[in-house]
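Enquirer: First the structure, which I've put down as structure tokens, then a few questions once you've had a look.
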Amino acid sequence: MAKSKKKKTKKRKLNKKRFFLFLMFFLLLVLFIYKLLNINIKNIYIRGNDLLTDQEIIDIAKLEDYPNSINNLSLSIEKRLKKNKYILSANVTKYNFTTKVIIEIKENYPLVYYQVEDKTILLNGDKVTDKFTVPTVINQIPNTIYDEFIHVLKKVDKTILYRMSEIQYSPNDVDEERFFILMNDGNYVYLTLNKFLSINKYISMVKSFNNKKGILYLDSGEYFDTFD
């Protein structure tokens, strides 16, 4: 009988250089992940706020202790901010390995104080009991006109809006959508809903009248009557 040939198995030698490189890579990866999981937020920058202070926004976002960045993802921070009634939208971006946080918000700022309901109307139409230094609507606005009034008011420049002291619904025989406005500088303005946004040119208009005091009629034409 022929003798069966035994197969010789070659033993592979351990490539120490490759093993060392692999071990180094693995240790560096573990170290990187460890460092990443333990990175805290170091810098917070806030943009777009006027009504709320930087500290108030930081508190709302729950970042007052500069917590761990991985445990506070951008989306999570945005959700916290959007729960606040004075924030319409929020966009959070992280830089520098997540240590730098930039928060950009759009505020749900107050438009007017509606005296008949003792409520402040916000940009999105919500009503709150908080008081602010804003124009006061001193009388009832009919439901058929109210929504359009708020819609138009949202488009008024904030710098002009906050120059208004009182707003009165003041219809006449010609136009039931007519309003009377007392400005903080002592001038009076008449306008209608379809011409309401012409108030955005108020500053340039007043300058053209040599800063005299009087009544600005924007409901019919565009002319100015000075006070006697």
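Enquirer: For the pair Asp225 and Asp54, what calculated FRET efficiency results from E = 1/(1 + (r/R0)^6), where r is the Cβ-Cβ distance and R0 = 45 Å, to the nearest 0.05?
Expert: So the FRET efficiency works out to roughly 0.50.
Enquirer: Let me ask something else. What would the Debye equation give as log₁₀ I(q)/I(0) for the range 84-183 at q = 0.10, 0.13, 0.14 Å⁻¹, counting only Cα atoms as equal point scatterers?
Expert: -0.36, -0.53, -0.59
Enquirer: First select every other residue whose beta carbon is under 11 angstrom from the beta carbon of Ala90; then total the charges, Lys and Arg +1, Asp and Glu -1.
Expert: Overall, the nearby charge balance is +3.
Enquirer: As an exercise, use a Förster radius of 30 Å and the Cβ-Cβ distance of His151 and Lys83 to find the FRET efficiency, rounded to the nearest 0.05.
Expert: The formula returns an efficiency of 0.75 here.
Enquirer: For the range 147-201 and the range 62-103, what is the centre-to-centre distance using only Cα atoms, to the nearest Å?
Expert: Computed from Cα coordinates, the inter-centre distance equals 38 Å.
Enquirer: Where both partners of a DSSP beta bridge lie in the chain, what percent of those bridges are antiparallel, to the nearest 5?
Expert: Within the chain, antiparallel bridges account for around 70 percent of the total.
Enquirer: Still on this structure, please answer the following. Work out how far the C-alpha atoms of the range 167-210 reach from end to end along every principal axis, then list the three figures in whole Å, largest first.
Expert: Between the extreme Cα coordinates on each principal axis of the range 167-210 lie 32, 19, 14 Å.
Enquirer: Follow-up. By how many degrees, 0 to 90 and rounded to 10, does the Cα axis of helix 143-153 deviate from the longest principal axis of the chain?
Expert: For helix 143-153, the angle is close to 60 degrees.
Enquirer: Another question about this same structure. Starting from the 7 Å offset along Cα-to-Cβ, what nm value, one decimal, do you get for the label separation of Thr93 and Thr129?
Expert: Result for the modelled spin labels: 4.0 nm.
Enquirer: How much length would be gained if the chain were fully extended between Lys213 and Leu73, taking 0.36 nm per residue of separation minus their Cα-Cα distance, in nm to one decimal?
Expert: Separation in residues times 0.36 nm, less the Cα-Cα distance, equals 44.9 nm.
Enquirer: Another question about this same structure. I want the local charge near Asn184. Using Cβ-Cβ distances under 13 Å, sum +1 for each Lys or Arg and -1 for each Asp or Glu among the other residues.
Expert: 0
Enquirer: At R0 = 45 Å, how high is the FRET efficiency between Ile203 and Asn38 if r is their beta carbon distance? Nearest 0.05 is fine.
Expert: Computed FRET efficiency for Ile203 and Asn38: 0.25.
Enquirer: Here's another thing I want to ask about it. Report the local net charge at Leu161: Lys and Arg +1, Asp and Glu -1, summed over other residues whose C-beta lies under 11 Å from its C-beta.
Expert: Counting the neighbours of Leu161, the net charge comes to +3.
Enquirer: Loop-only chymotrypsin sites (Phe, Trp or Tyr not before Pro) in the range 76-135, please: DSSP not H, G, I, E or B, and at most 13 other Cβ atoms within 10 Å.
Expert: Taking the range 76-135 and a limit of 13 other Cβ atoms within 10 Å, the loop chymotrypsin sites (Phe, Trp or Tyr not before Pro) found are Phe97.
Enquirer: Read phi for every residue in the range 125-135 and hand back ³J(HN,Hα) as whole Hz from Karplus 6.51 cos²θ - 1.76 cosθ + 1.60, θ = phi - 60°, with x for Gly and Pro.
Expert: x, 5, 10, 10, 8, 5, 9, 9, 7, 9, x
Enquirer: At 1.4 Å probe size, with the rest of the protein present, what percent of the exposed accessible area of the chain is carbon and sulfur atoms?
Expert: About 53 percent, which is the carbon plus sulfur part of the accessible surface.
Enquirer: So, one more: Projecting each Cα onto the charge dipole of the chain (Lys/Arg +1, Asp/Glu -1 at the beta carbon, about the Cα centre), which of Tyr188, Leu81, Tyr169 comes out farthest on the positive side?
Expert: Farthest towards the positive pole: Leu81.
Enquirer: Computed over the Cα atoms, what is the radius of gyration of the chain divided by 2.2 N^0.38 Å, N being its residue count?
Expert: Dividing the Cα radius of gyration by 2.2 N^0.38 Å gives 1.87.
Enquirer: Per DSSP H run of at least 4 residues, take -39500 (n - 2.57); add these up for the chain, divide by its residues and hand me the 222 nm value, nearest 500 deg cm²/dmol.
Expert: Rounded to the nearest 500, the figure is -7500 deg cm²/dmol.
The values are calculated or read from the model by the stated rules, or taken from the named source; none is laboratory data. In this text the structure is predicted, and so the values were computed from the model without any measurement. Glycine gets a Cβ as well: all are built from the backbone with ideal geometry, and neighbour counts include every protein chain shown. For the accessible areas, the whole protein counts, side chains as well, though only heavy atoms, and no ligand, DNA or RNA atoms are used. Shrake-Rupley method; radii C 1.70, N 1.55, O 1.52, S 1.80 Å.
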